[in-house]
1. It is to be established whether one or more residues within region B:40-50 are buried (at least 21 other Cβ atoms within 10 Å of the Cβ) and more than 11 Å from chain A (Cβ to nearest Cβ).
2. Scan region A:43-89 for residues that are of a type in the set (S, T, N, Q) and within 23 Å of B:GLU44 (Cα to Cα) and report the count.
3. Which residues, taken from region A:87-111, are under 17 Å from A:PRO39 (Cβ atoms), among the β-branched types (Val, Ile, Thr) and either away from chain B (no Cβ under 14 Å) or surrounded by fewer than 20 Cβ atoms within 10 Å (Cβ to Cβ) (or both)?
4. When you look at A:ILE67, is it β-branched (Val, Ile, Thr), part of a loop (DSSP other than H, G, I, E, B) and free of Cβ contacts under 8 Å to residues at least 40 places away in the same chain, yes or no?
5. Could you pull out the residue among B:PHE96, B:PHE91 that is within 14 Å of chain A (Cβ to nearest Cβ) and at pLDDT below 95?
6. Quick check: anything in region A:88-99 assigned to a strand (DSSP E or B) and among the small types (Gly, Ala, Ser)?
7. Give A:PHE65, A:PHE29 a once-over and let me know the one that is away from chain B (no Cβ under 14 Å), out of contact with any Pro (no Cβ under 9 Å at 6 or more places or on another chain) and among the aromatic types (Phe, Trp, Tyr).
8. Would you mind telling me which numbered condition in (1) free of Cβ contacts under 8 Å to residues at least 60 places away in the same chain; (2) surrounded by fewer than 18 Cβ atoms within 10 Å (Cβ to Cβ); (3) more than 13 Å from every other protein chain (Cβ to nearest Cβ) B:VAL12 fails?
Amino acid sequence: GQQLNQSPQSMFIQEGEDVSMNCTSSSIFNTWLWYKQDPGEGPVLLIALYKAGELTSNGRLTAQFGITRKDSFLNISASIPSDVGIYFCAGRKTSYDKVIFGPGTSLSVIP
Amino acid sequence: DAGVIQSPRHEVTEMGQEVTLRCKPISGHNSLFWYRQTMMRGLELLIYFNNNVPIDDSGMPEDRFSAKMPNASFSTLKIQPSEPRDSAVYFCASSFSPNGEQFFGPGTRLTVL
């Protein structure tokens, strides 16, 4: 079964608002990944994190590797309609383990 | 540059029929992954190959599922016989190495009636 939890499960926000979502695990991970999936497409990697406490940005997106190594956060600033999609966190416990995906956060942006 | 190519994009079949999903990874990538996505279970890794060799097939649900990678540019995922509970979107992804960034294909939406 899945070992990652994401919250919220879904979000409806107004265009221009900031977005925050998180991902938690009962286990320690050494890699956290954030993907976005557009309708009818496969997931696309947004940000990769490899070190506890690391804060990485990609345009309006910022993700952080939690210091406990059991969580990660993704923030989107000034949301726009094309931010709509499902955001997945994913993690790897060690370099030799497979990537495990969370259940996703569905984001809807109201123009 | 072409990304990961999957075919067919949609497949509708009847229970008991054999289904074959196809994937062409990005040229130069040595690792290939097959995932299944459902509402109930999310995105699950079924199997992955490195240099055409299956490395971890622990996610393959049961013996009805099999995957092959006869060469570096082609892989198949076969379900025989198919069942309604196999209905899902199946993704193929590839990367330069098992730990590298995975690039996903557009997926095959399978419906088993």
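The values are calculated or read from the model by the stated rules, or taken from the named source; none is laboratory data. What you see is a predicted model; the values in this text were computed from it and never measured. Note that we place each Cβ from the backbone using ideal geometry, even for glycine, and neighbour counts take in every protein chain shown.
1. Looking for residues that are buried (at least 21 other Cβ atoms within 10 Å of the Cβ) and more than 11 Å from chain A (Cβ to nearest Cβ), one finds at least one in region B:40-50, hence yes.
2. Adding up the residues that qualify gives 1.
3. Selection gives A:VAL109, A:ILE110.
4. Details: β-branched (Val, Ile, Thr): yes; part of a loop (DSSP other than H, G, I, E, B): yes; free of Cβ contacts under 8 Å to residues at least 40 places away in the same chain: yes.
Yes, satisfied.
5. Values: B:PHE91 fails: at pLDDT below 95.
The match here is B:PHE96.
6. Among the residues of region A:88-99, at least one is assigned to a strand (DSSP E or B) and among the small types (Gly, Ala, Ser), which makes the answer yes.
7. Exactly one of A:PHE65, A:PHE29 is away from chain B (no Cβ under 14 Å), out of contact with any Pro (no Cβ under 9 Å at 6 or more places or on another chain) and among the aromatic types (Phe, Trp, Tyr), namely A:PHE65.
8. Here B:VAL12 clears every test but (1).
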